[in-house]
Amino acid sequence: MANPHWYTINNTDELDTPALVVYPHRIKQNIDMAVYTVGDVYRLRPHVKTFKSGAAAQLEMDAGITKFKCATIAEAEMLGMCKAPDVLFAYQPNEPKLNRFIKLILTYPGTKFSCLIDNELSASKISESAKANNIIVDIYIDLNVGMDRTGIKPEDALPLYRFANDLPGINVLGLHAYDGHISDLDINIRTEKCNAAYDRVLKLKQHLIEAGYPEPIIIAGGSPSFPIHARRKNIQCSPGTFIYWDRGYALTCPEQNFLIAALVIARIISVISENVLCIDLGHKSVASENVLEKRIHFLNAPDLKMLSQSEEHLVVEAAEGHHYKIGDVLYCAPYHICPTVALYERAITIENFEITGEWKNIARDRKINI
């Protein structure tokens with residue numbers, strides 16, 4: 001009998017739950033779609049925070065992607081271990097993280113590492129460490145275009161650019177602008193806000209050129225703004241979630257034709273009352289920063305209503321006359337896949353409806369070697 005759904009796993013009796021599973025054939029389609037969307041694979045700088053796996057990084061490199069972005073030293077080291085050519089550590093390293101970052105550069109000379117700064121003190125510290133280790137550190141100026149998390153306002157960035165550019169041991173490559181605060185469902189509103197934020201970056205770029213600096217490299221955007229930035233010329237785009245996609249972005253960004261390619265598999269483990277069931281899917285198994293009803297979507301049981309969640313358990317309510325029983329397997333699409341992946345040390349690969357192996361999520365750790 002043919003499998004009715006793409007996500008079906010025939011040999012679930014071999015799979016303990018909860019488990020993170022990934023579908024490589026859909027992942028490859030997502031990578032191809034990202035390349036198609038941007039039009040030039042050399043303009044892609046995907047973020048690896050979503051997958052944290054060397055195997056997934058290799059699939060992106062197999063597609064011609066050479067530039068990457070990451071947020072932790074472990075993610076950066078994973079990319080160094082994979083011999084990724086160009087890695088932006090999208091973080092401002094201060095001691096002792098700076099010491100680890102310098103060690104990364106020395107340990108993986110085949111990878112070109114860079115990082116972010118948004119103030120003179122951090123720039124000076126990086127300069128001192130670079131001089132002490134007889135290396136040059138590539139940096140980007142981190143711009144705050146509305147996220148209000150890190151970065152300097154574009155209107156205030158020229159003096160910092162000048163200051164950092166004059167420091168020994170530092171090579172200023174360009175500008176980094178993450179607009180993760182823009183996630184409107186209406187693509188027209190999202191585009192308008194994205195363009196307004198990016199205009200501030202363009203003004204800074206023009207000021208830099210007028211001041212005699214080379215045209216800066218610009219790295220911009222995340223997942224919601226990816227198709228907007230992809231239409232621009234001469235910038236690098238850095239989406240991340242596209243590789244696995246998730247329920248949240250599928251609803252927020254319906255104009256993007258990516259496929260959900262990672263799920264959490266769970267089981268019904270207890271029947272509390274006639275219509276109340278318990279599932280082995282607690283806070284430790286799926287990202288729980290959203291309200292309860294926006295943490296997971298049951299692909300094969302959309303009628304289940306979530307009532308409560310604790311560390312190891314999820315309590316749900318089924319409709320009258322339901323057919324659910326202990327041991328039933330549930331296919332769950334997380335609303336937020338990135339922190340969900342970080343809860344699992346491995347992802348089980350599913351191909352042709354069968355379990356075929358596993359990918360270690362080695363960058364979920366805070367430390368690999370360095």
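Some points to look at:
- Enumerated strands (runs of 3 or more DSSP E) restricted to region 258-370, each holding at least 2 residues that are under 28 Å from R26 (Cα atoms): 262-271, 296-298, 329-334, 346-351, 354-360
- Search result, residues across region 53-79 that are of a type in the set (D, E) and either closer than 19 Å to Y178 by Cα or surrounded by fewer than 24 Cβ atoms within 10 Å (Cβ to Cβ) (or both): D62, E75
- Selected residue [in contact with a His (Cβ under 9 Å, 6 or more places away or on another chain), closer than 16 Å to L88 by Cβ and of a type in the set (D, E, K, R)] from D142, D118: D142
- Among the residues making up region 45-65, those that are outside any helix (DSSP H, G or I) and closer than 21 Å to W359 by Cβ are P46, H47, V48, K49, T50, F51, K52, S53, A63, G64, I65.
- Of all the residues in region 301-344, those that are buried (at least 20 other Cβ atoms within 10 Å of the Cβ), of a type in the set (A, V, I, L, M, F, W, C), in contact with a Leu (Cβ under 7 Å, 6 or more places away or on another chain) and under 17 Å from N275 (Cα atoms) number 3.
- Taken over region 207-218, residues that are touching a residue at least 24 places away in the same chain (Cβ under 8 Å) and either within 22 Å of the chain's Cα centre (by Cα) or outside any helix (DSSP H, G or I) (or both) amount to 5.
- Selection status of L204, in contact (Cβ under 8 Å) with a residue 60 or more places away in the chain, more than 22 Å from the chain's Cα centre (by Cα) and either surrounded by 21 or more Cβ atoms within 10 Å (Cβ to Cβ) or part of a helix (DSSP H, G or I) (or both): yes
- Annotation: I27 fulfils all but one of (1) in contact with a Phe, Trp or Tyr (Cβ under 6 Å, 6 or more places away or on another chain); (2) surrounded by 21 or more Cβ atoms within 10 Å (Cβ to Cβ); the unmet one is (1).
- Among the numbered conditions (1) in a helix (DSSP H, G or I); (2) over 17 Å from the mean Cα position of the chain (by Cα), the only one that R231 does not meet is (1).
- The set of residues in region 219-228 that are assigned to a loop (DSSP other than H, G, I, E, B), closer than 21 Å to I141 by Cα and not polar (S, T, N, Q) comprises G221, G222.
- None of A19, A55 is over 17 Å from the mean Cα position of the chain (by Cα) and touching a residue at least 60 places away in the same chain (Cβ under 8 Å) except A19.
- Hits in region 280-322 (condition: over 20 Å from A347 (Cα atoms) and of a type in the set (V, I, T)): V291, V315, V316
- Sole residue being surrounded by fewer than 22 Cβ atoms within 10 Å (Cβ to Cβ), assigned by TED's automatic domain parsing to the domain that holds H181, more than 20 Å from the chain's Cα centre (by Cα) and on the phi > 0 side of the Ramachandran plot, chosen from N134, N119, N165: N134
The values are calculated or read from the model by the stated rules, or taken from the named source; none is laboratory data. None of these values were measured; they are calculated from a predicted model. Every residue, glycine as well, gets a Cβ built from its backbone with ideal geometry; the counts of neighbours run over all protein chains shown.
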